[in-house]
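Notes for the one structure printed next.
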Amino acid sequence: MNRIMILSSDQKTLAALKAALQGTYQLKVFPDCADIFSRIADYKPDLLIMDFYLSGTNSAAMSHQIKCNAETRYIPVISISENLELAKQCIKSGCDIFVQKPIDTNLLADSIRECLNSRRAESQL
């Protein structure tokens, strides 16, 4: 079962993500990005889903750090926010996909499959 790490403190977002993903994926939820690299090393997620607004930072800044790190750059990142204007900033910073809130569960499922399939294809090169 693929592992997804979710970074969000928004209870409504977490409820929607859990409802859409539990049972299909192994989920680990954190309310912030504290010790993100040690959390990633411990959990070894196949995918990260991050709310744009995180305590003290945002998903664009975190994606940039993750994609610049040799040990984590291969992990797909999906950023979510109500503000569609943030999509360009997220993608430019390294997010693989931007999903607008309210979350369309079909779009989210397609986005996750796309990211995981792309990761598998890259690992076979």
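I'd like the chymotrypsin sites (Phe, Trp or Tyr not before Pro) in segment 25-125 restricted to DSSP loop residues with at most 16 other Cβ atoms within 10 Å, sorted by number. Walk me through the numbers before you get to the answer.
On the way: sites: Tyr25, Phe37, Tyr43, Phe52, Tyr53, Tyr74, Phe98; in loops: Phe52, Tyr74.
Answer by residue number: Tyr74.
Note the full-extension length gain between Tyr74 and Asp110 as 0.36 nm times their separation in residues minus their Cα-Cα distance, in nm to one decimal. Please list the in-between numbers first.
Numbers: separation 36, 0.36 × 36 = 12.96 nm, distance 1.90 nm.
Once the chain is fully extended between Tyr74 and Asp110, it gains 11.1 nm.
Counting other beta carbons within 10 Å of each Cβ, put Leu116, Leu7, Leu107 in order, fewest first. The partial results should precede the final answer.
Details: Leu116 16, Leu7 24, Leu107 12.
Neighbour counts put them in this order, fewest first: Leu107, Leu116, Leu7.
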Check: What 222 nm value per residue comes from the helices of the chain, counting each DSSP H run with n ≥ 4 as -39,500 (n - 2.57) and dividing by all residues, nearest 500 deg cm²/dmol?
Finding: -13500 deg cm²/dmol
Notebook entry, point to check: Once the Cα atoms of segment 1-66 are picked out, what are the Rg and Dmax in Å?
Noted result: 11.3, 32
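Please identify every one of the trypsin sites (Lys or Arg not before Pro) in segment 1-100 that sits in a loop by DSSP and has no more than 14 other beta carbons within 10 Å of its own beta carbon.
Loop-located and lightly packed - Arg73.
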Notebook entry, point to check: Can you give me the relative contact order of the chain as a percent, contacts being Cα pairs under 8 Å and 6 or more apart?
Noted result: 22
Check: What is the count of Lys pairs in the chain whose alpha carbons sit under 14 Å apart, if the two are 8 or more places apart or on different chains?
Finding: 4
Next item on the list: Would you indicate which of [x] 33, 25, 24; [y] 36, 31, 26; [z] 86, 33, 20 is the value of Cα extents along the principal axes in Å derived from the coordinates of this structure?
Entry: [y]
Item checked: Per-residue HN-Hα couplings for segment 51-67 [Karplus 6.51, -1.76, 1.60; θ = phi - 60°; Hz; x = Gly/Pro] -> 5, 4, 8, 10, 3, x, 7, 8, 5, 5, 5, 5, 4, 4, 5, 5, 6
Item checked: Partnerless Cys - the chain, beta-carbon criterion under 4.7 Å -> Cys33, Cys68, Cys115
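The numbers here are math on the coordinates, done by the rules we state, and not lab data. Note that this is a predicted model, so its numbers are computed, not measured. Using ideal geometry, Cβ is built from the backbone for each residue, glycine included, and neighbour counts are taken over all protein chains shown.
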